[in-house]
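Here's the structure we're looking at; comments come further down.
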Amino acid sequence: MDYLRFGREEGEKFVILPGLSLVSVLGAAQGIMSAYALLAENYDVYLFDHIQEEPEGYKISGMAEDTLSALHQLGLEKIHLMGVSMGGMVAQTIALKEPELVSSLILCSTTMNAKHGNAAVFEEWKRLAEEGNVPALMESFGENVYTPSFYEQYKDVILASGQGATALDLRNFLISLNAIRHFDVSGKIQKISCPAFVLGAGEDRVLGKEAAGEMAEALSAEILISEGYGHGVYDEAPDYLTHINHFLLDLRNKLKNKK
C-alpha cells in the first residue's frame, strides 16, 4: 500500500482515504497536494492508496484491516480521518474497529448501507470493466460522478486518467465495486462516538442524497448537503475544504474550552 505525505509535519495527523478508482490516485500527487493546500497549512496530511493487488472476495472490512496495518506501521495515533465515497466506508469501519485511533470522522459522498447505491450505474461499470472497455468506463464514470458542466470542462483530463490501465487495475476495480455493493454497517454505526461531519450532494447519482442524511442522523453528526452538485462534489465545490477546515477548528476550540 503506497501513500502520500505532505503538509506540516508537526501538525495533527489528517488521513485521507480515497474512493473507487481505476488507476492509482497517486499518479495525480501534485494535483492532490495543490487541492488540499488549505489543510496542509496546519495538518500533517497522509493519503493512502488501495493495495496493489486485491484478493478475490476482498471486502470493505479487509480494506480497513490493511489500512489499519499501514497506520500502525507508521505509528499514527489520534487521527482526523476523512473518507471519500468507498474511502468513507473504510473510514467508518476503522472507527468501529479501533475507536481510540480516530479523533474525528469526516465522511464525504458515502453511505452506511450500499442499498442507496444506483444499481444501474454499478451494473454499467461492472459490464464495461469486464469487457475491458476503459474509454467507455471512464466516460460513464465521469458522467455519473460529476455534474454535466464540470464533466464537459474536464472531459479530456477525466478520460485520460484511465490511460495505461492494466488487466490488474480492471480486476481490482471489479473487486472493489463488489465490496461497495455489499457494504452495510447501518446496524452498528451508532457505536461510533467520535465527532463526525457528513458531507453529501443534492444531485448524487451514485449513492443518493438520502444516504448522507441517514448517516448524519445515526451518528448525531453535523451535516452539509451541497445542492447543485453530484457525487464528485469534493472535486467541484470551491468551498468544500473550507467547511472541513471550519469543522476541525470548531472541534479544536471545543476541546480547548473543556480543558
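Here, each number is a calculation from the coordinates, and none is a lab measurement. Keep in mind it's a predicted model, so treat the numbers as computed, not measured. Quick reminder, even Gly has a Cβ in these numbers, built from the backbone with ideal geometry, and neighbours come from all protein chains shown.
With r as the distance between the Cβ atoms of Gln73 and Leu96 and R0 = 22 Å, compute the FRET efficiency 1/(1 + (r/R0)^6) and round to 0.05. Write down the numbers at each step before the final one.
Details: r = 21 Å, r/R0 = 0.94.
The calculated FRET efficiency here is 0.60.
Can you check how the C-alpha radius of gyration of the stretch 1-61 compares to 2.2 N^0.38 Å, as a plain ratio?
Values: Rg = 12.9 Å, N = 61, 2.2 N^0.38 = 10.5 Å.
Working it through for the stretch 1-61, the quotient is 1.23.
Between rounded, prolate and oblate, where does the chain land on the alpha carbon gyration tensor, with a ≥ b ≥ c its root eigenvalues, rounded for a/c under 1.5, else prolate if a/b exceeds b/c?
rounded
Residue-wise, which Karplus ³J(HN,Hα) couplings in Hz belong to the stretch 99-106, taking 6.51 cos²θ - 1.76 cosθ + 1.60, θ = phi - 60°, and x for glycine or proline?
Running phi through 6.51 cos²θ - 1.76 cosθ + 1.60 with θ = phi - 60° gives x, 5, 7, 9, 7, 8, 10, 10 Hz.
Tell me the net charge near Ala37. Cut-off is 15 Å between Cβ atoms, Ala37 excluded, with +1 for each Lys or Arg and -1 for each Asp or Glu.
Taking every other residue near Ala37 into account, the sum is -2.
Under 19 Å from the 7 Å Cα→Cβ point of Ser34, by amide nitrogen: which residues of the stretch 139-154?
150-154
Give me the three principal axis extents of the stretch 164-238 from the C-alpha atoms, as integers in angstrom, largest value leading.
42, 32, 19
Once you put a point 7 Å from the Cα of Asp2 and another 7 Å from the Cα of Gln190, both along the Cβ direction, what distance in nm separates them?
4.3 nm
So if R0 is 22 Å, what FRET efficiency would His243 and Lys115 give, r being the distance between their Cβ atoms, rounded to the nearest 0.05? It would help to have the intermediate numbers written out before the result.
Working: r = 27 Å, r/R0 = 1.22.
Using R0 = 22 Å, I get an efficiency of 0.25.
Once you put a point 7 Å from the Cα of Gln52 and another 7 Å from the Cα of Ser24, both along the Cβ direction, what distance in nm separates them?
0.7 nm
Gln153 to Ser220: extension gain in nm, 0.36 nm per residue of separation minus the Cα-Cα distance? Provide the component values of the computation, followed by the final result.
Details: separation 67, 0.36 × 67 = 24.12 nm, distance 3.71 nm.
Between Gln153 and Ser220, full extension yields 20.4 nm more.
Which helices, counted as full DSSP H runs in the chain, have an axial Cα extent of no less than 15 Å and a Kyte-Doolittle average of 0.0 or above? The partial results should precede the final answer.
Details: long enough: 60-73 (20 Å, 0.09); 86-97 (17 Å, 0.92); 119-131 (18 Å, -0.55); 134-145 (16 Å, 0.45); 167-181 (21 Å, 0.69); 240-258 (28 Å, -0.65).
Those that pass (Cα extent of 15 Å or more, hydropathy at least 0.0) are 60-73, 86-97, 134-145, 167-181.
Can you give the net charge of the other residues whose Cβ lies under 13 Å from the Cβ of Ser186, counting K and R as +1 and D and E as -1?
Local charge sum for Ser186: -1.
Tally Lys/Arg at +1 and Asp/Glu at -1 over every other residue whose Cβ is under 15 Å from the Cβ of His246; what's the total?
On the way: positive: Arg252, Lys254; negative: Glu41, Glu222, Asp239, Asp250.
Computed value for this residue: -2.
Which pairs, out of Lys59/Lys256; Lys78/Lys191; Lys209/Lys258, put more than 29 Å between their alpha-carbon atoms?
Numbers: Lys59/Lys256 39 Å; Lys78/Lys191 18 Å; Lys209/Lys258 35 Å.
As for pairs spanning more than 29 Å Cα to Cα, those are Lys59/Lys256; Lys209/Lys258.
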